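Presented below is the structure to which this report refers.
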Amino acid sequence: MRDFAKNIVNAPAAAKLGMAIIAVFVFAAVFAPVITPYSETEVVGDVWEEVGGQFFLGTDHIGRDLYTRLVYGARNTIAIAFVTTMLSFAVGISGGFLAAIVGGWVDQALSRVVDILMAIPILIFALMILSVLGTSVTTLIVVIALLDSTRVYRLSRAVAMNVEVMDYVEVARLRGEGIWYLMRYEVLPNTLAPMVAEFGLRFCFVFLFISSLSFLGLGIQPPTADWGSMVRENVSGFDFGIMKALMPALAIAFLTIGVNLVVDWFLQKTSGIKDE
Amino acid sequence: MILRIVAQRLALGLLTLFVVSLIIFLGVEALPGDLAQAILGQSATPETVAAFRRELGLDLPPHVRYLDWLGGMIQGDLGTSLANGRKISDLIGIRLTNTLFLALYAAIVAVPVAVALGILAALYRESWYDKIISMATLSTISFPEFFVGYILIAVFAVQLEVFPSIANVSPEMPFWTRVYVVALPALTLTFVVVAHMMRMTRAAIVNLLMSPYIEMATLKGLRRPRIIIKHALPNALSPIINVIVINLAFLVVGVVVVEVVFVYPGLGQLLVDSVSSRDLPVVQASCLIFAATYVLLNLIADILSIVSNPRMLHPK
């Protein structure tokens, strides 16, 4: 724990900036009801009220408080993206490790299925499935997680392949440990660093992807506040020179940059330790 | 030897295309409930539903319908839209040309810029120029496509008023007017792909510059530009071409969001509209076109990188 704190103190400025951004967003997401003056979907004022007046960031296209919507947007967007990424990793890592440890036809079957699924662009695939199943939050999470898990599978299989040939895995095998034990206690701890970094990157991808879907009107549905759909809703203001649609878009960009900065630092750090 | 590898890739590509078409067909087939019922609504009488099923050909077994559908697709008969009963090929034809125009436009701007910037970044590695480039790539990778699009609209359409914010094209529009009208969407796509292409180009060249034969050339006292152009570039060509074509494939898909931002009458816009209205035959047809283009471009990337690899060209 002290090492952890020391690492953060010694991190380069860019990584600290990234951590600060993430901390602010997570704080907003967790304490959304406490730090906002209104409720998520309440109409509180006139349409397009200006920034800095009675309302901190003004109001949106139907008179809801934009600041409140942004904070709740953090909550909804980040939570959904996080759950999706977790599910994607649970599926992808299990599959990837299983393929690497068991090998043989299991590996062949899983890898060929993944190859085919990856041949279709993820957006097109998702649009097709959503047109059939409709766009509820659960469908969204499961569909994106499954599509994204193919990418996680590829990486975790490749990383696990390198670990799987190690002597200590061989020892565990000879000791008669089961597949679950090998996956959980031999392979996972030794692949943690690349997996954590990948988690950051995949989170960004999923987060951007869900925002794009919401922007297209096919993701998280109104009146739920979500950054992608907020851009879509407020774009009509462009005709009057009102740039409020850029605020949620900027929030998306900030969070992605923050995560990327931290991942970059983490990658450099963990790969540095390995070289020594 | 090289022919055999290329033939193998081609066969694999065709197989992938086949399976992709199967997935697209079965994906809609697995629709919970009945398509005819879903379109007609709950109040329809069983007779109307049955008649409509016959009209759609839903009473035939799945494999017959799949072959029918695939055969139609290959011959350019894409079926009819559920929303307005028009032939899908009429709906798609002009939109497909529009989408290809936009993607090609963006590619023509993006590829030379990305490769040039990537080579420069590799040459002046660790300099301030390289650092600015890597910061810029990080930020463009982090921005969603629609953000880049709206920023460009905010600056060039709303503030400076030099380009139109809505890319409204029509078939009879003269070429240069079209180039002007589509400038902002093309620029948006360029921003999105340049970063990745540049980064990969830089990585490919930096990788090569570490290799012993480049060190040899340096020790021999050759000048840097000569080393890069004469010694490094031919070997970097294969990965660079690969990156370019993969990004073209990415462009074709990235087009979807950008078309919606600029209300551009392309295939992506049609796909998004059809998904909202659940016009499944149109969704199937456009998904198949997008997926096939993507698969084909990736296949071309594979084949080109085999063909342009000096080691493959001159086997021992």
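Things worth noting here:
- Region A:75-122, subset under 23 Å from the mean Cα position of the chain (by Cα) and outside any helix (DSSP H, G or I), residue nearest to residue B:251 (Cα to Cα): A:121
- Within region A:218-234, the residues that satisfy the criterion of being surrounded by fewer than 24 Cβ atoms within 10 Å (Cβ to Cβ) and either at the interface with chain B (Cβ under 9 Å from one of its Cβ atoms) or under 23 Å from residue B:137 (Cβ atoms) (or both) are A:218, A:232.
- Residues in region A:131-179 that are more than 17 Å from residue A:86 (Cα to Cα) and aromatic (Phe, Trp, Tyr): A:168 only.
- Out of B:175, B:146, B:191, B:163, sole residue that is under 26 Å from residue B:242 (Cβ atoms) and of a type in the set (Phe, Trp, Tyr): B:191
- The residue that is surrounded by the most Cβ atoms within 10 Å (Cβ to Cβ), among those in region A:235-247 that are more than 8 Å from chain B (Cβ to nearest Cβ) and modelled with pLDDT under 85, is A:244.
- Residue selected from region B:77-93 under the condition out of contact with any strand residue (DSSP E or B) (no Cβ under 8 Å at 6 or more places or on another chain) and in a helix (DSSP H, G or I), by the criterion modelled with the highest pLDDT: B:92
- Taken over region B:275-291, the criterion of being under 22 Å from residue A:136 (Cβ atoms) and facing chain A (nearest Cβ under 7 Å) is satisfied by B:275, B:276, B:278, B:280, B:283, B:287.
- Meets criteria (closer than 24 Å to residue A:259 by Cβ, in contact (Cβ under 8 Å) with a residue 40 or more places away in the chain and either among the hydroxyl-bearing types (Ser, Thr, Tyr) or not in a helix (DSSP H, G or I) (or both)) for residue A:57: yes
- Restricted to region B:214-316, the set of helices (runs of 4 or more DSSP H) holding at least 1 residues that are among the acidic types (Asp, Glu) comprises B:233-261, B:267-277, B:280-307.
- Within region A:21-54, the residues that satisfy the criterion of being surrounded by 13 or more Cβ atoms within 10 Å (Cβ to Cβ) and not in a loop (DSSP other than H, G, I, E, B) are A:21, A:22, A:24, A:25, A:26, A:27, A:28, A:29, A:30, A:32, A:43.
- Only helices (runs of 4 or more DSSP H) whose full extent lies in region A:123-215 are considered here, and the ones with at least 2 residues that are surrounded by fewer than 22 Cβ atoms within 10 Å (Cβ to Cβ) and within 14 Å of chain B (Cβ to nearest Cβ) are A:137-164, A:192-215.
- Exactly one residue out of B:217, B:232 is closer than 30 Å to residue B:4 by Cα, surrounded by 15 or more Cβ atoms within 10 Å (Cβ to Cβ) and either modelled with pLDDT of 85 or more or more than 10 Å from every other protein chain (Cβ to nearest Cβ) (or both), and it is B:232.
- Neighbours by Cβ (under 8 Å, 6+ apart or cross-chain): first from region B:94-115, in a helix (DSSP H, G or I) and surrounded by fewer than 18 Cβ atoms within 10 Å (Cβ to Cβ); second of a type in the set (D, E, K, R) and at pLDDT 90 or above: none
- Tally of residues being within 10 Å of residue A:149 (Cβ to Cβ) and not β-branched (Val, Ile, Thr) across region A:83-99: 8
- Subset tally (residues that are among the basic types (Lys, Arg) and touching a residue at least 40 places away in the same chain (Cβ under 8 Å)) for region A:212-264: 1
- For the condition among the aromatic types (Phe, Trp, Tyr), surrounded by fewer than 18 Cβ atoms within 10 Å (Cβ to Cβ) and within 14 Å of chain A (Cβ to nearest Cβ), residue B:147 does not qualify.
- Residue match in region B:112-135 (condition: under 22 Å from the mean Cα position of the chain (by Cα) and closer than 24 Å to residue A:250 by Cβ): no
- Output for region B:277-308, where each listed residue is among the polar types (S, T, N, Q), at pLDDT below 85 and under 17 Å from residue A:133 (Cβ atoms): B:277
- Checked against the criterion of being away from chain A (no Cβ under 11 Å) and modelled with pLDDT of 90 or more, region B:248-258 has no qualifying residue.
- Residues of region B:56-82 that turn out to be farther than 22 Å from residue B:171 by Cβ and small (Gly, Ala, Ser), as a count: 4
- Look at region B:188-217: where a residue is in contact (Cβ under 8 Å) with a residue 60 or more places away in the chain and a partner is of a type in the set (D, E, K, R), sitting 6+ places away or on another chain with Cβ atoms under 7 Å, you get B:188/B:145; B:192/B:145; B:206/B:125.
The values are calculated or read from the model by the stated rules, or taken from the named source; none is laboratory data. Small disclaimer: the values here were computed from a predicted structure and weren't measured. Here the Cβ is made from the backbone with ideal geometry for all residues, glycine too, and neighbour counts use every protein chain on show.
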